[in-house]
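What follows is calculated from the coordinates using simple rules that are stated; it is not laboratory data. Computed from a predicted structure; not experimentally measured. Because the Cβ atoms are built from the backbone with ideal geometry, glycine has one as well, and the counts that use them run over all protein chains shown.
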Amino acid sequence: MARFVMEFERPLAELEEKLIALKALDIATTPELAAEIADLEREVERLRVTLYSALSPWEKVQVSRHPERPKTDDYVRGLFDDVVELRGDRAHADDQSMFTALATLAGRRVMVIGHNKGHSTKENVARNFGSPHPEGFRKAERAMRLAGRFGLPVVTFLDTAGASPGLEDEERGQAWAIARCLETLAGLPVPVVVAGIGEGGSGGALAIGFGDRMLMLEHSYYSVISPEMCAVILHKDAARAPESAAALSLTAADLLRLGIIDEVVPEPLGGAHREPDTVIAEVGLRIAAALDALAGDDRADLVERRYQRLRAIGVYNEAG
Amino acid sequence: MPINDWFKQREGRRYTVSGQGCAEPATDGVPDGVWRSCPQCKGTLYQGDVARCLSVCPHCGHHFELIARDRIEALVDPGTFAEIDGALTSADPLRFSAGKPYGTSLERACQTTGMTDAALTGRAALGGHPVVVGALDFRFVGASMGSVVGERIARAFDLARDERRGVVLLVASGGARMQEGMLSLMQMAKTSAAAGRLAGAGLPYVSVLVNPTYGGVTASFAVLSDVIFAEPGAMIGFAGPRLVEQTIRRSLPKGFQSAASLVEHGMIDDVVPRVELRRRVSTVLDYLMPAHASGADAASGTQGGEL
């Protein structure tokens with residue numbers, strides 16, 4: 001299957017294609033080809049390393065959006081047993097862009113909440129490309145409350161371009177639904193572990209995107225605004241998104257430096273989609289370790305500590 | 001008193017208040033040459049008349065923008081407002097330089113508004129109730145929420161919880177302050193957590209949304225109040241109207257995201273004209289303030305005689 005090629009990968013993709021074409025030729029009739037192929041293979045490898053070992057913020061945003069990047073349901077399938085999906089917000093509809101389920105991670109019973117992008121166009125249409133409607137956030141909030149009542153730790157997976165900005169989303173109270181998630185999540189008397197696996201778009205990501213332990217994949221991003229929209233506001237030109245991406249400090253490394261997240265999970269060269277099973281397993285290990293570290297903590301302490309952690313975020317001067 | 005007498009006593013009593021209960025237009029003392037045009041009725045107004053009516057057009061009721069301090073002074077009991085946390089100022093933690101440098105925008109905002117950031121907060125009394133009151137000023141970087149706004153709002157909730165006060169916030173905002181990146185987005189979680197703790201302590205919070213209230217501020221503390229009012233004509237939402245229009249690829253219905261339509265959709269409690277706001281909010285506090293929190297001492301807006 002032809003891999004989806006990101007803009008910045010094009011020079012590499014062209015070389016790779018050339019290599020495939022050369023390999024298809026009959027080496028026996030033209031022995032000098034063997035040397036040419038070996039040279040090209042070295043060149044491809046060299047380019048791959050230089051391209052991927054120093055991705056710019058904008059390139060990371062592209063990797064985070066790669067259509068073959070593992071999605072929340074890939075993590076759920078790969079890591080959890082006894083999954084009981086919970087559907088519906090009990091008020092309006094079931095929003096498939098938000099996945100909620102009772103699930104077991106290597107013997108640990110938890111509540112899973114995650115933005116759920118699709119693998120195909122059909123799935124993406126059904127899941128609104130992973131951008132929740134108000135009923136999605138209300139479903140998530142319902143799952144949070146349930147977890148809180150029955151002492152189930154919450155594990156969230158972030159992968160959304162943002163909350164859905166449609167007419168009906170506004171009329172049904174998108175802002176209200178997100179705000180209620182924030183309040184509920186802040187006060188949950190159970191451990192909350194957050195995994196950023198792809199896109200972390202603004203308030204729609206934040207609604208399920210803070211907790212007691214926060215990890216992010218190396219090439220995922222988390223941002224107050226999409227680089228494109230930021231560029232439109234600043235320059236009236238979405239094409240200047242690369243500049244905005246750099247200015248917004250949105251990469252996992254940036255957010256570790258700013259003290260917003262706790263750990264960065266490395267990705268294989270080229271991104272998580274190159275070796276999805278390895279990445280999913282590593283994320284699972286890290287989540288399990290975080291859950292174990294938080295397991296013994298007193299519930300009131302947990303809530304107070306989460307509050308103090310949030311209160312400490314922000315940089316300002318205070319005179320006198 | 002027998003119930004029949006009680007009903008009789010109430011006959012002829014006015015249950016509603018006019019929307020334009022401002023003072024009679026003055027015939028003297030109007031500063032010369034200070035005119036203002038009303039964008040709604042196109043009338044030409046004396047600035048002095050507008051000011052006497054809390055910056056509401058005396059002819060059509062259009063609500064002009066008010067600066068944060070004037071909003072607070074118009075709402076709370078006269079002379080009771082005492083600012084807190086005025087010493088907090090914005091840093092430029094990301095050294096954000098795409099477009100206009102953030103540092104320059106901040107400097108200009110401070111100069112033109114005389115404020116130290118977009119939120120003004122403090123202790124006050126409202127209808128005799130001890131409150132922490134706050135207002136956001138749209139002139140200061142679009143009243144966007146960065147670290148300082150988030151910190152002031154969170155401290156306002158924390159202080160109210162510590163001193164058993166209600167919270168009343170007059171909210172306007174363009175949303176999160178993108179020049180502070182994720183530090184700004186996280187203020188949504190911080191302020192929402194603080195609002196939740198106030199609610200948990202059994203203390204009331206009333207928000208009043210004014211024009212415009214959007215983005216990360218709407219989707220956090222602004223709508224986590226027990227009672228939500230809005231000013232007439234206020235535009236309120238999460239996504240801005242242009243983005244919604246681009247998303248749905250057709251034009252928006254009339255009145256979309258207006259305060260009046262939000263009442264219809266069940267998102268806010270009422271649209272309240274500015275001149276009625278003090279009475280309405282203080283009546284809500286009469287119902288919701290825990291009895292022991294509204295002591296005579298606290299009602300002065302000071303705590304134990306000092307600020």
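Using the Kirkwood formula over every pair of different C-alpha atoms, what hydrodynamic radius in Å results for chain B?
For chain B, the Kirkwood estimate is 20.6 Å.
Please determine, in degrees from 0 to 90 and to the nearest 10, the orientation of helix A:134-149 with respect to the longest principal axis defined by the Cα atoms of chain A, where the helix direction is its Cα long axis.
Result, in degrees: 60.
Mind ordering A:7-14, B:192-199, A:91-98 by average Cβ neighbours within 10 Å, highest first?
Numbers: A:7-14: 13.9, B:192-199: 25.9, A:91-98: 19.6.
Packing order, densest peptide first, comes out as B:192-199, A:91-98, A:7-14.
Normalised by the residues of chain B, what does the relative contact order come to in percent, with Cα pairs under 8 Å and at least six apart?
Details: 573 pairs, mean separation 49.8, N = 307.
After rounding, I find 16 percent.
Rounded, prolate or oblate: which fits region A:65-179, taking a ≥ b ≥ c as square roots of the Cα gyration tensor eigenvalues, rounded meaning a/c under 1.5, else prolate when a/b beats b/c?
On the way: a/c = 2.19, a/b = 1.20, b/c = 1.83.
In terms of gyration-tensor shape, oblate.
Please name which of A:Ser223, B:Phe138, A:Ile287 has its Cα lying farthest along the dipole of the protein assembly as shown towards the positive end, using unit charges on Cβ (Lys, Arg +1; Asp, Glu -1) and the Cα centre as origin.
Checked the options; the winner is B:Phe138.
Please work out whether region A:61-311 counts as rounded, prolate or oblate from its C-alpha gyration tensor, where a ≥ b ≥ c are the square roots of the eigenvalues and a/c under 1.5 means rounded, while otherwise a/b larger than b/c means prolate and anything else oblate? Don't skip to the end; give the middle numbers.
Numbers: a/c = 1.34, a/b = 1.20, b/c = 1.12.
Verdict is rounded for region A:61-311.
So for chain A, averaging the separation of alpha carbon pairs under 8 Å that are six or more residues apart and normalising by length, what relative contact order in percent results?
Over chain A, the number comes to 16 percent.
How many nm is it between the label spots at B:Thr283 and A:Ala300, if each spot is 7 Å from the Cα in line with the beta carbon?
Here the modelled spin labels are 4.0 nm apart.
Measure nothing but the geometry: give the 0 to 90° angle between the long axis through the Cα atoms of A:10-24 and the longest principal axis through the Cα atoms of chain A, rounded to 10°.
50
Against the 2.2 N^0.38 Å scaling, with N counting residues, where does region A:224-265 land? I'd like the Cα-based Rg ratio to two decimal places.
On the way: Rg = 11.8 Å, N = 42, 2.2 N^0.38 = 9.1 Å.
My calculation over the Cα atoms of region A:224-265 gives 1.29.
Report the percentage of all Cα-Cα pairs in region A:7-54 whose separation exceeds 12 Å, rounded to a whole percent.
Values: 704 of 1128 pairs.
Across region A:7-54, Cα pairs with separations above 12 Å total 62 percent.
Kirkwood hydrodynamic radius, region B:36-99, all distinct C-alpha pairs: what's the number in Å? Don't skip to the answer; put the middle values down first.
Values: mean 1/r = 0.0673 Å⁻¹.
When all Cα pairs of region B:36-99 are included, the Kirkwood radius is 14.9 Å.
Compare the Cα positions of B:Ala201, B:Ile3, B:Met235 along the charge dipole of the protein assembly as shown (+1 at Cβ of Lys, Arg; -1 at Cβ of Asp, Glu; about the Cα centre) and return the one farthest towards the positive end.
B:Ile3
Determine the shielding of peptide B:92-103 by partner chains: average, over its residues, the number of Cβ atoms on other chains within 10 angstrom of each Cβ. Walk me through the intermediate numbers first.
Numbers: counts 1, 5, 6, 2, 5, 3, 13, 9, 1, 0, 1, 0.
The shielding value for this peptide is 4.
Roughly how big is region A:236-304's charge dipole about its Cα centre, with Cβ charges of +1 (Lys, Arg) and -1 (Asp, Glu), in debye to the nearest 20? Let's see the in-between values first.
Numbers: 6 positive and 14 negative charges, 88 e Å.
Its charge dipole is roughly 420 debye.
From other protein chains only, count the Cβ atoms within 10 Å of every residue's Cβ in A:195-207, then give the mean. Before the final figure, lay out each step's value.
Values: counts 0, 0, 0, 0, 0, 2, 0, 10, 12, 2, 1, 10, 4.
The per-residue average across the peptide is 3.
Any of A:Lys117/A:Lys139; A:Lys236/B:Lys42; A:Lys236/B:Lys100; A:Lys71/A:Lys139; A:Lys60/A:Lys117 with alpha carbons more than 21 Å apart? Name them for me. Don't skip to the answer; put the middle values down first.
On the way: A:Lys117/A:Lys139 16 Å; A:Lys236/B:Lys42 32 Å; A:Lys236/B:Lys100 13 Å; A:Lys71/A:Lys139 19 Å; A:Lys60/A:Lys117 18 Å.
Listed pairs above 21 Å: A:Lys236/B:Lys42.
Counting alpha carbon pairs within less than 8 Å and at least 6 residues apart, what relative contact order, in whole percent, applies to region A:51-165? Mind showing how you got there, number by number?
Working: 203 pairs, mean separation 29.9, N = 115.
With pairs under 8 Å counted, the relative contact order is 26 percent.
State the Cα centre-to-centre distance between region B:81-97 and region A:81-96 in whole Å.
42
Need one word for region A:132-227: rounded, prolate or oblate. Basis is the Cα gyration tensor (sqrt eigenvalues a ≥ b ≥ c); a/c below 1.5 gives rounded, then a/b vs b/c decides. Intermediate results must be reported in sequence, preceding the final value.
Details: a/c = 2.36, a/b = 1.10, b/c = 2.15.
It comes out oblate by the Cα gyration axes.
Show me the helices of chain B, taken as full DSSP H stretches, that run 15 Å or more along their long axis by Cα and average 0.5 or above in Kyte-Doolittle hydropathy.
Working: long enough: B:102-113 (16 Å, -0.67); B:147-163 (23 Å, -0.22); B:181-200 (30 Å, 0.54); B:274-288 (21 Å, -0.25).
The qualifying helices are B:181-200.
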